Every structure is written in structure tokens, then in C-alpha cells.
Amino acid sequence: MDHPAVLLVFLGLLWAPPPAAGSSKDPVTVSEFYSQIPQRLSFYNWYGNARLFRFRVPSDAVLLRWILQASRENRPECQHAEITVHFRYGAPPVINPLGYNFAPNTSVPYSFNRTMVFTKSLQNNTFLNISNPAPGDWFIAAHLPKDPEKIEIQGFTKSCAYIFQPELFVLREVNIPILQMDSPLRYSLTPPRSLARFKIFIPEYTQELVLRLETCTSDESPTLCPLKVAVGSAEHPQSFPRTANCSGSTNCSLSLSSPPWERWLSVLVESPPWLNSSVSFQLSYSVPVCTPGTIASRSIFTFLNALNITGNSTLSRNGPLAAGNVSSAWGARSANLSSGSCLRSYPVIREELDLVSVRFQSVNGPFVPVVAPSPTVMLLSLDSDMDSGGTLVVNLRLNKTTLNNETAAVMACLSAAAPVLTLNSSQNCATAFFDGYAFKMNGSLTSGTRYVPYPEADKWYLSLQLLCPRGDSECQQLTARVMVSAYLSPCLDDCGTYGECRLLRRNGYLYTACSCKAGWAGWSCTDDRNAISSGQQLLATLLLTLSNLMFVPTIAVALSHSFFVEAAVYVYTMFFSTFYHACDQPGVAVMCIMEYDTLQYCDFFGSVVAIWVTILCMARLKTVPKYVLFMSGTLFIAMSMQLDRRGMWNMMGPCLFAIIVLVIAWTYRGVRRRHCYPPSWRRWVFFLVPGVSLAVIAIAIYVFAETQSNYYYTHSLWHILVAGSVAFLLPPREKKQKSWDWRSMLDCGYKMCKDDREELYAVT
């Protein structure tokens, strides 16, 4: 199905007729369409192989319809692969297609997926509907199955192309009625309409949302109310808004603790489809707002003045404030908060360090007082677009000396959009629509850690409260001190020893992911089930480096045949290939004498030049054209390597040109001498055939057999075979040319010296 056809079909599906005259209560719907450019998918090995898409869903959306379009090439090597598409609201999906373990204390946010399978067709169109979706950013990540780890040579081997493009149709209502706090609204549902939608606003510091449906009457049964009330939006197909069934009663209510602050919530009132009569009802809501027990503005100015007076108070990496007397005064003020407050709010400094890197520090220092009457709340603001692309790390450590009661415990909850204000030992740190992350510390367990990869872009809250047994008045008077360390890191522990933290970008959105090595795997490179031991790493390094010593016999053969330029090229190739592979290894067996990019360039460049000069040497050209081709070809290879060092024609181009020169030179000699060249059958049997055979085997291994898992062995064998083939293919020394000695090369003295450029003899 082409793009215009899809657009016309779904615009027809989503179009709603305009309301009739006089029906002002009927909803007015509009449709919108969003699309992103298609991208080529990759087989999955790490998160960077997944293609990420971001869509922004407008407010008041009532229906999302995803159109997932995938296609593949019509080629024999194109298999019937499966495409996995992951969805998540608020942040990129945290996926684990290969089943590796996450780091301990990692909380994996929920995401859902769909699978697209190619059968006999070249295209697949999959649709997904989500009713009453949450407004904001929705992310899609798509990828192919596990990477087969076949090393592909650019331009020589061509993999099948799988193209994926997501599109989104949005149906949203306009002019949705807004409920006013404590102001009842009378409304009626008349067939065929069975659904009414309203909006309410939740202010900051709301402790609870109480929604009431009253005086519900139906034409069929005046005493029974068949309606159902739902509050909230869907963040995945299995998520349902909080509902209350009013069947059997004319009045019902719905109470939600800790609703999201400073947010519009959707309220739906629905009648059953079998009801054919009108239903009238009255809808109202209230939001009890708690009084935050925080330090007054005058106290903050007093604190800042105290900082100016005490010149030793500075911001540092270990703690935001290093003035003991000021911290004591601050703690004394915070202890005398109003008794009617339902939470204690402590100011937090948000310090942006770098991209996707933020540190949070309490103004009162790293230790936060925690008491029993009301929770201590700290705001961790992660509402920037780039904050959702890292890892949120929260470390808590209880000062054991401040908790001398064996029965007391400190409960902490980390949640988004709203804090948990009623903490107890049995609850799971859930707010109205978010399942938070719990910490519990006591005299035996004094610390807690939580890692949240790709946290939702929202305001996060850390709530801490001292839990005491009922009737323990001594515990009620305690003030526990908890050290809080919270920060947003690009990658957890910088992906460890065997990983590299990489910054990725898709359509202007920045996020990070770990690229693992040495067999380590997982989200943070912490899964060692396939890890390569230190001994294996050392063995791999030795194989790839010492296999280059096979060039030593080749260099000796070149020197014995008086091919000094060729020998110098082989020395260059052996040196940089050895140290490039010593620097290219993962893990601990690594040694880099230069920058990695420089070593890689010199290795690739030297390999191609070595093949270039070897084939031209076999052609046995005269001195002047031989060295002109040597130099001009080397300069051209240097330029092409700078343009694309991994391109196939960087090696194939010089090789083909040199082989053409070789064939022309040998054909010319054979025609002129009326004999096959080289004339000796021993040269063919004992040198050329073995040399060509070794070269063909090396190329076959390099192209068809080399994978990521056997790279250490196959590439080492490639070094040995190529160096050995060069030793066989080098032509013998000219019969008229005498063996060289260093003294005659450095200084002729009073002897007859040969000038190769003019083929003349001169007395010096």
C-alpha cells in the first residue's frame, strides 16, 4: 500500500462528521497525521543498532493509530526476518532482546512491543490502536533479530535491506468541558452518545483527588445509576485509567492518592452500550492541598546572608555547602516546622555537568533529616528533553548513630509526577498512576541504591519518612539523618571496564547507550556469561600481533633479491599491523603507541601498498616506470584511504590495475620471446602456484569465514597466508645483478659505479 493510499484510507476512518445544529454538548473531533522518514534497520547487538523514533502526541487526544510499515528487498539472500518494534511513553524503551542480565538494583521501566513478520510478501503493514492516550512524547525503537556477527566487507558483500517507517494518526477532541473545583456540573448523556469527556487540573501539593458523581438518574431506572467513571490516560495498551463503577447507586466517588501535580487529567463518564435511555448526572471534584512545611523565604535570605558572612562556604564536588555552623542553623530551623504541614520540602540544587549529566545536591548538605510525623520530600527535576536519555542513580545511606531505636526504620520512595505522601512498611510506593521505587533502611540495612535507565522526562520526587511502631513515643521524637546522593549519568559506571559509553542522536534527540567488548554484554556491560578471560584476551592479542612476524621471512627474501623498496614497505606494514592490533584489542591486553585512528590508517594503508608493490615487482618493469608507478600509486592509495579506508575499491582498484600491468608486461615478454613467461616450469610449480593458492585461501577466509567470534584466529591466519604468499610471489634477482654489500652501496670510492637512471658508467 503506497503512502497516499494509506493517508486517504485512515483519514476516512478517523474523520468524524460535524455536530448538528443546536448540539453544543456533542464532541468536536479533529484528526492529525504525523510521519517520519523511513530508516534502514540493523540486526541487534547493542542499543545503537535499534532505530529510534519520537512522536509528540498533542493534548486532548482520544485515539492513537500507529501504522507500522516495513519492506524488504526482493533478493535471494533476503530471509524472512522478524522486525520487533518497542513502544514507550515519556522516554526511550529499555529493551533486552538478547536476554542478558541488568546490573543489580536496576529498575527496568515497562515498555510493550509488536512483531512484524515477512511471509511471502515484500511488505508488512501493522496497526496498533491506543484509546485515551497520555499526551507528550512517545518513543518507538525498531530492530531486526540478533546480529549474526558476520564481518561484512564494504562494497563486496551486500546484506539485505529492511526498511521501516512509522506513521501516526491522532484523533482528538476540542472544546472539552473543564470542571471547576467544588463546582458541580450537571450533564446528560443521550443516545446514541454514550461517552462524555471532561478535564480537571491538579495543582501543586495536592494530597488527594476526590471525584464525585451524584444525583445520577436514568429514564429506565431512576434509582439506579448505570454509569462508569474513569480518570487518567493510557500509557500502553494494557494500562487502564482508574475507574469507579456506579452501578446500583445514585451517588459514587473515586479517590486517588498522590495524583500528578500541575497536570491536566482526563475524566470519562460512560454509559453501557445496551442502555437506550438518557442519563443525567452531576459531576464535581475536590483536591485537598497539603501545606508544605518548608523554610520560609525570609529564612532563605538569612541563610544566604550567612553564606556571605562566612567566607569559607563554597560549593564543592563532595558537598554543596561546607559551612558547619550555617548547616547547623539551617537544620535547627528545619526542625521547627509547622505542625500542620503534611510534608517537609528541602531545596535541591540542580547542577548540569554535561550532556545527559546532572547532579542534585541538597542546600542543607548531603545529610537530610528524616522524622516520623511527615515525609521529607526532595525534588529531582528531570523535565528537560535530554534528561530521559541517561540513567538516574539514587544512593541512600543511613547514619546508624542517629537511629538508636532497633524497631525504627526509614522508608523512601522514588516516584515521578508526584511524591508519595503516605509512607508505610507495607505499601509499594505507588502514586495515583505511577508505581514508584522503594527503599527501606534500618539498623541492619543502612544503605539502598536504585538505577533507573531512561527515566521519564518529568519531575521526580524522593520521599523519606521515619516509620515507628504504634505507641512508641520515643521513636516519634527521633530525627534520622540520611545521606542522599542523586545524579543523572550518561551510562551506569561509564559502562565499566569492558564497555564504552556512546552518545547517540536520532532526529535531534540525544541519548546514550553502552557498547560492550571482550564478550561482556547487557545494558551496562555487566553480564559476563560470555566474557573472555584475561588469558584469552592475552592469547588473542598475541595471535594477532605475533602472526605479523611471518613478514620477517618475506623481508629476508626481498633483501636477498635486492628489492629494497619492497622490503621497506613490508617492514612498514608489519610494524603498524602489529601495533594496530595491539591497540585494537578489548579488555586489559591493550597497548597503544599512537592514537587508535592513526594506527588504523597506517595499517590499512600499508597493507594495500604492500600488495601494490608486490604485483608491480612481479611484472619486472624497468627502473624508471617501476618507481614512477610505485610512487604515483602510493599517493593515490593515500588519498583514497583518507576518503574511505574501509571501501572495497581501496584494495580492489590498485590490485586490478597492478594485475593489468602485470598481464601486459608478461604478455609482451612472451610474444617477443615466443615463449611462455616466466619460462621456467619450476618457477610456476614451486613459487607462483603456491603463492597464488595461499593468496586465494587468504582472501576466501577474509571474505567468507571471518566473524566476530573467530576474528582472532581467522585474521591471524590471514596475516600468515598473505605474508607467506608474498614470499613465494617475489621474483628472483636478476641474473646480471650482483649480490649487494653495504660498503658498495654507501660509497663507491675509486671504483666503477653503475647509474641506474642513465644506464651509464662513470668514474668517481
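The values are calculated or read from the model by the stated rules, or taken from the named source; none is laboratory data. Everything quoted here is computed from the prediction, not taken from an experiment. Glycine also receives a Cβ, built like all others from the backbone with ideal geometry; neighbour counts cover every protein chain displayed. Side chains included, ligands, DNA and RNA excluded: accessible areas come from the protein's heavy atoms. Shrake-Rupley method; radii C 1.70, N 1.55, O 1.52, S 1.80 Å.
Counting protein heavy atoms only, the stretch 363-515 has 44 percent of its accessible area on carbon and sulfur, 1.4 angstrom probe. Of the cross-linked pairs K120/K150; K440/K517; K146/K459; K199/K440; K199/K228; K400/K459, those separated by over 27 Å at the C-alpha level are K440/K517; K146/K459; K199/K440; K400/K459.
Here K626 is the anchor, and the aspartates and glutamates within straight C-alpha reach of less than 20 Å, apart from those fewer than 8 places off in the same chain, are E566, E734, D755, D756, E758, E759.
Projected label points at S534 and N395, each 7 Å from Cα along the beta carbon direction, are separated by 2.5 nanometres. Dipole orientation for the stretch 91-187: of the candidates S159, P133, P109, S159 has the Cα lying most toward the positive pole (charges on Cβ; Lys, Arg +1; Asp, Glu -1). Peptide packing for 179-189, 456-466 was compared via the average number of neighbouring C-beta atoms within 10 Å per residue; ordered from the highest value, the list is 456-466, 179-189. Computed 3J(HN,Hα) for the stretch 372-377, one whole-Hz value per residue from the Karplus formula 6.51 cos²θ - 1.76 cosθ + 1.60 where θ = phi - 60°, is 8, x, 8, x, 8, 10, glycine and proline marked x.
Ignoring ligands, DNA and RNA, what percent of the accessible area of the stretch 570-667 is carbon or sulfur (1.4 Å)?
In the stretch 570-667, the share of accessible area belonging to carbon and sulfur is 75 percent.
With every protein chain left in place, what is the accessible area per residue of the stretch 593-662 in square angstrom, probe 1.4 Å? Roughly 50 Å² per residue, with all protein chains present.
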